[in-house]
Each structure stands twice: as structure tokens, then as C-alpha cells.
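Input: a single structure, listed below in C-alpha cells.
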Amino acid sequence: MTAYTLPNETGHFGMFGGKFVPETLMKAIIELTDAYEAVKQDPEFYAEIKHLSKDYVGRETPLYFAENLTNYAGGANIFLKREDLNHTGAHKINNAIGQALLAVRMGKKKIVAETGAGQHGVATATVCALLNLDCIIFMGAEDIKRQALNVFRMELLGAKVVSVTSGSATLKDAVNEALRYWVANVEDTHYLLGSVTGPHPFPMIVRDFQSVIGKETKEQFFTRYKTLPDAVVACIGGGSNAMGMFYPFIEEKKVALYGVEAAGKGIETPYHAASLTKGKPGVLHGALMYLLQNQDGQIQEAHSVSAGLDYPGVGPEHSYLKEIGRAHYHSITDQEALDAFQLLSKLEGIIPALESSHAVAFALKLARQIGASQNLVVCLSGRGDKDVDAVRARLKGGDIG
Amino acid sequence: MNRIEQTFQLLKEHDTKAIVPYIMAGDGGLDCLTERLEMLEKFGAAAIEVGVPFSDPVADGPTIQAAGIRALNNGTTLKEIVAELTKARRTIKIPLIIMTYLNPVYAYGISSFVEDIQKAGVDGCIIPDMPVEEEEMIAPLLEAAGTELIRLVTLTTPLDRVKQIAAKGRGFLYTVTVKGITGTRNEFDKELLSFLQAVKEVSPIPVLAGFGISNHEQMQTITKYCDGVVIGSKIVDLLAENNFAELADLMSIFKLKSNLI
Ligand SMILES: Cc1ncc(COP(=O)(O)O)c(C=O)c1O
């Protein structure tokens, strides 16, 4: 394989990506692109990230051999990349730190962000507290209900949380409002986008900041076993933990890449978030990507038990990796994810985020399928503390989705 | 000379300015679209922007968002809008310009869209979420069809970029008058008028100002520095209220124009 150098200069991954934003934002997009190119040459910038990642976030995160889960599955060895152990409880902080430091370099003192599960909001509010930046977070009213604890966390951290009631009142609508806010406040505000979505250069920047996940995994695995894993598995909302895991492996063709979308109540029903499996290419929130939409190009609401996967689009780079067949995308239902949530808790003493539970559920199937001599690594993108209330309600018979 | 050029030529000859109302197609039902276009023409519109409803209109404020939701709830589709405009064109003489987010066009099929709106007699097309960097996917097709792609510049567009965009410009240059989304405003940025003046100086085509404009005073002030105004949210509100008297009054400001074309 020739070297993988995407996105190209115009911000495209094949036909996907680009920067489909109102003209008002173009100046900020160009500024951000230039600022990012500049810090790429700046070792001090990366030294700062490294320092915070180690002493503040607690990196590197362990690569844990889940022996009980492996025995239970009765197939390939299953390893967990423990992003759940990061400060604030998910991989989102990797990106938040990188972008907040970038914002500081650009002289922007105000941060706006969207959040679904609240993990990106918490990570952003945390970094803003640390770096003394103003922080405003848009969050769907539905998600505010599902993730009440995270709302309180953000407020404790000094952020202003704005409830979004338009549309499906979930992540998609929070992105709309964050974009509208950015359009109106672009001169002093950085939009700290939380996944590998949105206009170029966001998908690239977020991927780069998250790729610490895959880099560490590669090194940790190689140090121990003098080889690479046969497969890596990650859940996909917008796709940032997955891209962070996949990116350092893209040129390692022997390593199979599996992304796991939310099948909600089933991909044969209208209640899912499986954009790559069931969507069509289209343009939303600044990028050409796979999208859940009707035949007239109206965006459809996504559904998942996990707020962080409840998004009708998926990063342009995943759209491209699907198109060229380099990565494979599957989906896991709410019920399967809930089962995996409980299973991992009981077998390993690790309560995973509902998002990550999708990856765990798929890994169980994959482990059985590829068999005993193989090794697979699951990106355990976050911990489940934020979900225990909702899962408890659900197990009592209520419906949280 | 195409219809947009003719219109600006006429306005110039009569030393007056353009009022371009925006209307959300399907708000109130598609059945009333032609009727409303005729009314706006009668009230003196120089051209009309016909909005296509979209589920996620990131450049729009509450008024146009709500109108879009009403239109979608009425089952409005781009296909039906194009069909309705074909009919409307039989009576309407002024330029009709489609304003749509990109995704409905993408789902329609870009080349079919260009072909169909050309056949329908649509004169121009505005795509607010497609900056010039991304226009290659549709601009050459529109150019070949003789349908004008209207470009936008905004208060945050640096002047050298304004020049580049204006140089590519077709029909007229749409200058966004606010840092923000659509919706009426009581006040404009201090730098707006000098910005408009700068845009007007570098633009080889007529310059229209839009976003937030809702009254005569604003229209008078702003058109000192450009060739006309686009009025969106205010018109959408008045139409939704069936307040045609105020609508006629709002549009009556530039005398002459009504029976020009
Ligand atoms: C724990 C966790 N995993 C995964 C995701 C999904 O995001 P992404 O696909 O960008 O990794 C989220 C989003 O909130 C999350 O909180």
C-alpha cells in the first residue's frame, strides 16, 4: 500500500469530507487550518500535550488482557484498551486538550462545543477550567434527561450548558445550535468539535489528537508479543475513538479494522443510528459523509440507547475507509449492548460506557468467529458511571431509549 | 441578457433599488406558492428567493427554521417545488432564485437538479452551505445551463477574498449583513456600511444585502451602499400571519419598481 496521506489539500477523503459551511465561517476555518499547520512544526506544542496527557489525564492507558471475557467468549484473545481510565472517563479528553491548547495559540478565549452523552462536554468543560477559558456547551434536551449527572458535572466545572429543543433534541440538533452560535461569535470563539466530523480540518485534527490511542496500542502490543493484533474493534458515533484507534494501523494491512455502529431497536426498524450500514452519502454539518436521510435528503433522527452514538452521520474518513474496503462496519442492538454492559461488569469488574458496550458486544461475536489463535483489541472508549442510572431504570422495566 | 441582468438594468435605468423577498416554499402548503409569488411580484419584488425547506438549516434563525418545519410537515419536497415553479413561471415575469441547502440537491441528483430547474425557468440558485471552495460539484453545470450561481460574502470575509468571490460572481453578489444567522435585527454592526461600500467597489456585478433587514429605515440606509436588499424572516412572518397590508407597505418603499418589468 502506498503511504496513506489523507485528507488531501482540500480536505477530502476520496469523495468524502470537504468544508460545507456558510461563508461566515470560512475565515475561521482557514485560520484553524493554518494554525494547525503551524503547531505541527512546533515541538513545544506537543511537549505541552504530552505533559498534560501524562500528569493530568493519566496516560498512557493500560492495554489489558481480558482473560475472563476471553474464556467466556471461547475464541480469540480479547484485549481492552482502557480509555475509560482517562481523567473524565472517556477518550474525549485527548481531543479536548489538543484543541483547547490550539485555541489558546490562536488567541481565542471562548470555547463552544456540542455534546451527546455529555462526555465530550465534560472533557471540554474540564480543559476550559484548567486553561481558564469561557465554555458554553449545547446539549439536546433529550440527552440532558438521559445524562443528568454529566450536566451537573459540566456546571460544576464552570461551563454554561444550553438545552436544545429543536428537531430530535439530541446530538444532531446540538451540533446545529453550536454551529449557529459559532456563526454568530466566530471572531473570539473556537468551536471545539468532539468527533471526526464537521468541516475540514476538524476530522483530521480530531483524528490526529485521538490517534494516541492506536499508537499506544501498537507499541504496547508489540512490546509484549513482538507482533501486532489481528483485529481492532471500536464503537462509532461520529467515529473519533475508532479513528484514533484505526489510524496508526491503516497501513498495517494485516490488522483488520472493525467499526461498530448502534443498531438501536434493529436496523430493520427506523430506530437505529447505523449511518454506514443503512445511510447514503450526503452533506450535513460541514462534511460529505454517510447520512441517515430520506429520499428527499431530509436528515432522519438517529436512535440508540447510548446518547454518544445517537448521530445520523459518521466521519468522512470512515465513509472513505468503508468505500475502499479498508475497514469493516457492523452494528449492535440496544439489547446486545446492554447485555455486554452487564457481562463486562460481572466478568471483569469493569463497567463500560454504553457506547463502548457496543464494541464489546461485537468483539464477543468476532472472537468466536476468528478463533483461538487470534488477538483482538477493543477500544474501551469510556466508563459506564454516567450510564448506571439509565441502565438501572431500563433493567427495572422502563425504557430509556 | 438573462432575466437577472435585465432586471438590474431596468432598476438602474429607473434609478431605483431591488427588493428581493424570501419565501419558504410549502409554508402554508405548496398550493399557495404561485399565488404568493404573484402577489410579491405585484407588490414590487425585483426578484424572489424561493426557499427549500431542510431539516437542519444551520444558517437560519428561529423564524425560517419554524417555516421550514411547517413546510416539511406539509410534505413539501424539492421535486414538487420545482414542478410548482414550472407552473408559476407561466405568469411570473421577474427572476426566480432557488435558495437551498446542499443536501436536498445532492439527494435529488446534482445534474438532474440543474437540468430540471433550468427547464422550470429558474434563474438562479443560492446554496448557503457551499462556499466557493466546494462549488466545483455544481458550478460548471449551472454555468452550462445558464442558471446563475449566486455567491455570498459576509462581514467576516476578508477583502481579498471578497474580490476573488466577486470575480467569479454571477447574477448578483449576496452580502450577508450580520455576523450570524437569519432573523430580524434591531441593530447592525458598526462596520456594515463601510463593508458594503468596500464590497460594492470591488464587485463587477450588482450587490444585494440580506439577513436581518426588516424595516424601511434599514432598507433606506443600507441601499445607499448597494443595489438592493433581500428580506427573509420579516416576509416569512408577515405571510404566515396573512398580513398582506403590512407586506405591501413594507415593499412599497422603492417607488416605480412594481410595474417596471
Ligand atoms: C464513551 C464514548 N464512546 C464513544 C463515543 C462516540 O463518539 P466517537 O464515535 O466520536 O468516538 C462517545 C460520545 O459521546 C462516548 O462518550
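The values are calculated or read from the model by the stated rules, or taken from the named source; none is laboratory data. Fair warning: this is a prediction, and the values are worked out from it, not measured in the lab. Quick reminder, even Gly has a Cβ in these numbers, built from the backbone with ideal geometry, and neighbours come from all protein chains shown. Quick note on the areas: whole protein, heavy atoms, side chains included, nothing else; ligands and nucleic acids left out. Shrake-Rupley method; radii C 1.70, N 1.55, O 1.52, S 1.80 Å.
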What does the charge count around A:LYS218 come to, taking other residues whose C-beta lies under 12 Å from its C-beta (Lys +1, Arg +1, Asp -1, Glu -1)? -2
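Taking the Cα centre of the stretch B:3-252 as origin, sum charge times position over the Cβ atoms of Lys and Arg (+1) and Asp and Glu (-1), and report the length of that vector in debye to the nearest 20.
It works out to roughly 340 debye.
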Whole-Hz ³J(HN,Hα) for each residue in the stretch A:81-95, computed from phi via Karplus 6.51 cos²θ - 1.76 cosθ + 1.60 with θ = phi - 60°, x for glycine and proline: what do you get? 8, 8, 5, 5, 8, 4, 3, 6, x, 7, 5, 4, 5, 4, 6
For chain A, what does the helix formula give at 222 nm: sum of -39500 (n - 2.57) over DSSP H segments with n ≥ 4, over the residue count, nearest 500 deg cm²/dmol? -13000 deg cm²/dmol
For the stretch B:119-134 and the stretch A:21-67, distance of Cα centres in Å: 36 Å
Need one number: nm distance between label points at B:LYS93 and B:GLU187, each 7 Å from Cα along Cα→Cβ, rounded to one decimal. 4.4 nm
Which of the residue pairs A:LYS108/A:LYS172; A:LYS108/A:LYS280; A:LYS172/B:LYS224; B:LYS12/B:LYS234; A:LYS108/A:LYS253; A:LYS108/A:LYS322 have a Cα-Cα distance greater than 29 Å in the structure shown? A:LYS108/A:LYS280; A:LYS172/B:LYS224; A:LYS108/A:LYS253; A:LYS108/A:LYS322
Per the rule of 0.36 nm per residue minus the C-alpha distance, extending A:ASP34 to A:PHE222 adds in nm 64.2 nm
Average accessible area per residue (Å²) across the stretch A:95-217 - probe 1.4 Å, nucleic acids and ligands excluded: 28 Å²
So, in nm, how far is label A:ARG105 from label B:ASN2 when the simple model puts each one 7 Å beyond its Cα toward the Cβ? 4.3 nm
Taking every other residue with Cβ under 14 Å from the Cβ of B:LYS168 and scoring Lys and Arg +1, Asp and Glu -1, one gets -4
Summing -39500 (n - 2.57) over every DSSP H run of at least 4 in chain B, dividing by its residue total and rounding to the nearest 500, the 222 nm mean residue ellipticity is -12500 deg cm²/dmol
For the table A:LYS145/B:LYS179; A:LYS92/A:LYS215; A:LYS54/A:LYS92; A:LYS110/A:LYS218, the rows whose alpha-carbon distance is greater than 25 Å are A:LYS145/B:LYS179; A:LYS110/A:LYS218
Less than 16 Å apart at the alpha-carbon level, and either on another chain or at least 8 residues along: which aspartates and glutamates does that give for A:LYS265? A:GLU301, A:ASP310, A:ASP334, A:GLU336, A:ASP339, A:GLU355, A:ASP399
Under 14 Å from the 7 Å Cα→Cβ point of B:LYS119, by amide nitrogen: which residues of the stretch B:73-103? B:79-87
From the residues A:PRO7, A:TYR46, A:LEU63, which one has its Cα farthest along the dipole of the stretch A:1-155 in the positive direction, the dipole being from +1 and -1 charges on Cβ of Lys/Arg and Asp/Glu about the Cα centre? A:LEU63
Amide H neighbours of A:ALA327 under 5 Å, counting only residues 5+ apart in sequence or on other chains, H built in-plane at 1.01 Å? A:LYS322
Could you give the length gained by full extension between A:ALA393 and A:ILE324, i.e. 0.36 nm per residue of separation minus their alpha carbon distance, to one decimal place? 20.7 nm
Enumerate the residues in the stretch B:110-126 having an amide nitrogen under 15 Å from the point lying 7 Å beyond the Cα of B:THR86 toward its Cβ. B:112-122
For the protein assembly as shown, with +1 on Lys and Arg beta carbons and -1 on Asp and Glu, the positive-most of A:MET289, B:TYR106, B:ALA120 along the dipole: A:MET289
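What is the average number of partner chain Cβ atoms found within 10 Å of a Cβ in B:154-165? Please report the intermediate quantities before stating the final value.
On the way: counts 8, 5, 10, 4, 3, 0, 0, 4, 1, 0, 0, 2.
Mean partner-chain Cβ count within 10 Å for B:154-165: 3.
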Solitary cysteines of chain A, where the nearest other Cys Cβ is not under 4.7 Å: A:CYS235, A:CYS379
Exposed-loop cut sites defined as GluC sites (Glu not before Pro) in DSSP loop states with at most 13 other Cβ within 10 angstrom; longest site-free run of chain B spans B:1-186
Chain pair A, B: how much accessible area is buried, both chains summed, with a 1.4 Å probe, in Å² to 100? 2800 Å²
For chain A, set up a GNM with springs between Cα atoms under 10 Å and report which of A:LYS226, A:LYS92, A:LYS215 has the largest fluctuation. A:LYS226
Hey, any idea what % of the stretch A:312-401's accessible area is carbon plus sulfur with a 1.4 Å probe? 49 percent
5 angstrom amide H check on A:LYS19, placed H, neighbours 5+ away: A:HIS200
May I ask for the distance between the Cα centers of the stretch A:335-401 and the stretch B:30-47, given as a whole number of Å? 57 Å
Given a 1.4 angstrom probe, I'd like the percentage of the accessible area of the stretch B:3-252 that is carbon and sulfur, rounded to a whole number. 47 percent
What are the ³J(HN,Hα) couplings of the stretch A:67-75, residue after residue, when phi is run through the Karplus curve with 6.51, -1.76, 1.60 and θ = phi - 60°? Round to Hz, x for glycine and proline. 5, 5, 5, 4, 4, 4, 5, x, x
Quick one: Karplus J couplings for the stretch A:223-235, per residue in order, coefficients 6.51, -1.76, 1.60, θ = phi - 60°, nearest Hz, x for Gly and Pro? 4, 7, 10, 6, 7, 10, x, 7, 8, 10, 10, 8, 7
Can you give me the Cα centroid spacing of the stretch B:12-26 and the stretch A:198-225 in angstrom? 52 Å
What is the magnitude of the charge dipole of chain A about its Cα centre, with +1 placed on the Cβ of each Lys and Arg, -1 on the Cβ of each Asp and Glu, and no other charges, expressed in debye to the nearest 20? 600 debye
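Assigning unit charges at the beta carbon (Lys, Arg +1; Asp, Glu -1) and nothing else, what dipole magnitude in debye, to the nearest 20, does the stretch A:1-118 show about its Cα centre?
220 debye
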Using the charge dipole of chain B (Lys, Arg: +1 at Cβ; Asp, Glu: -1 at Cβ; taken about the Cα centre), state which of B:THR177, B:MET1, B:PHE54 has its Cα farthest towards the positive end. B:MET1
Sort B:THR7, B:THR91, A:THR5, A:THR88 by accessible area with a 1.4 Å probe, largest first. A:THR5, B:THR91, A:THR88, B:THR7
Share of Cα-Cα pairs in chain A beyond 34 Å, in percent? 20 percent
